Amino acid sequence: MRAFITLEGPDGSGKSTQAALLAERLRQLDFPVVLTREPGGTAVGDQLREILLDPDNQLAVMTEVLLMAADRAQHVEEVIKPALENNMIVICDRYVDSSLAYQGFGLLGDPRQVKAINEVAIGGVWPTLTVLLDVQPEVGLRRHVLRSSSRTEDNGLDRIEQRDLSFHQRVREGYHELQKIYQERFALIDTTLLEIETVAEKVWEIVVQRLEIKTR
Ligand code: TYD
């Protein structure tokens, strides 16, 4: 089966954990799965990730938009497209909607320019299903600080996470707008009060239904 599933949401929404749990569950049913992430997911992408997230770097807004898109273009060519051509299920922890929400709504206040740039970067490779793990920014960032206390950066937050609360609120509202624009591929789960296992169960129900997976 060929499918392209993306997990999206504000920082600390638990995407990475859920992406891993989903991949494991699909593999248990013998589906070939590629689990990957952005920024990163390729050797070049990991270098771009370093530049993008280093709190010591001062990036112009368009530099940030274009480096995210460059990372994505590399990732699509090197990882995502080949896997889909081999009829695999690709699970990607953040993709084009992260740029629309963070750089589009969060930085520029409008997603149109970011969308145009990203359309060039992805060459028509849009997700089949996008699971939006919603969380209030206050709750998400707190989870993040608690989880990453061992990191080297001050307070454990990267360059983008360190932005003020109003930025993160625009990102979250941006995701809600995207859900309205792309209704047919979006599914939202409010994770604010839920345990990891409960969220995983909800993600699984959505995936089974949307991909029409037979579980028995
Ligand atoms: P992520 O890998 O989810 O962070 P972590 O592993 O620390 O949980 O993402 C790193 C940051 O990059 C996050 O704050 C969101 C941001 N980001 C964008 O702003 N635009 C994008 O297009 C992508 C992919 C990520």
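The values are calculated or read from the model by the stated rules, or taken from the named source; none is laboratory data. As the structure is a computational prediction, the values presented were derived from the model and not from experiment. A quick note on method: Cβ atoms are made from the backbone with ideal geometry, for glycine too, and the neighbour counts reach across all protein chains shown. Accessible surface areas use protein heavy atoms only, side chains included; no ligands, DNA or RNA. Shrake-Rupley method; radii C 1.70, N 1.55, O 1.52, S 1.80 Å.
Details
- Bridgeable lysines around Lys202 (alpha carbons under 17 Å apart, same-chain partners fewer than 8 residues away excluded): Lys15, Lys214.
- Annotation: Phe31 carries an accessible surface of approximately 40 Å², with a 1.4 Å probe and no ligand, DNA or RNA atoms counted.
- When the Cα positions of Leu29, Gln162, Gln183 are compared along the charge dipole of the stretch 3-205, Gln183 comes out farthest toward the positive end, with charges on each C-beta of Lys, Arg, Asp and Glu.
- Ligands, DNA and RNA left out, the accessible area of the stretch 89-216 computed with a 1.4 Å probe is 50% carbon and sulfur.
- Alpha-carbon centroid distance for the pair the stretch 71-103 / the stretch 105-145, whole angstrom: 13 Å
- Residues of the stretch 103-145 with an amide N closer than 16 Å to a point placed 7 Å from the Cα of Leu165 along the Cα-to-Cβ direction: 135-145.
- Prolate/oblate/rounded call for the stretch 3-205, Cα gyration tensor, a/c under 1.5 rounded: rounded
- Extended-chain gain in nm, criterion 0.36 nm per residue less alpha-carbon gap, Thr198 and Glu119: 25.0 nm
- Take 73-86, 7-20, 35-48 and order them by the average number of nearby Cβ atoms within 10 Å per residue, most first; the result is 7-20, 35-48, 73-86.
- Relative contact order for the chain, counting Cα pairs under 8 Å that sit 6 or more residues apart, in percent: 31 percent
- Charge tally in the Cβ shell below 15 Å around Val125, where Lys, Arg are +1 and Asp, Glu are -1, Val125 excluded: -1
- Ellipticity estimate at 222 nm from DSSP helix runs (n ≥ 4, -39,500 (n - 2.57)) divided over the chain, nearest 500: -14500 deg cm²/dmol
- 1.4 Å probe accessible area per residue over the chain, in Å²: 49 Å²
- Relative contact order, percent, the stretch 17-117 [alpha-carbon distance under 8 Å, six or more residues apart]: 32 percent
- Highest mean first, the peptides 105-112, 132-139, 57-64 sorted by other C-beta atoms within 10 Å per residue fall in the order 132-139, 105-112, 57-64.
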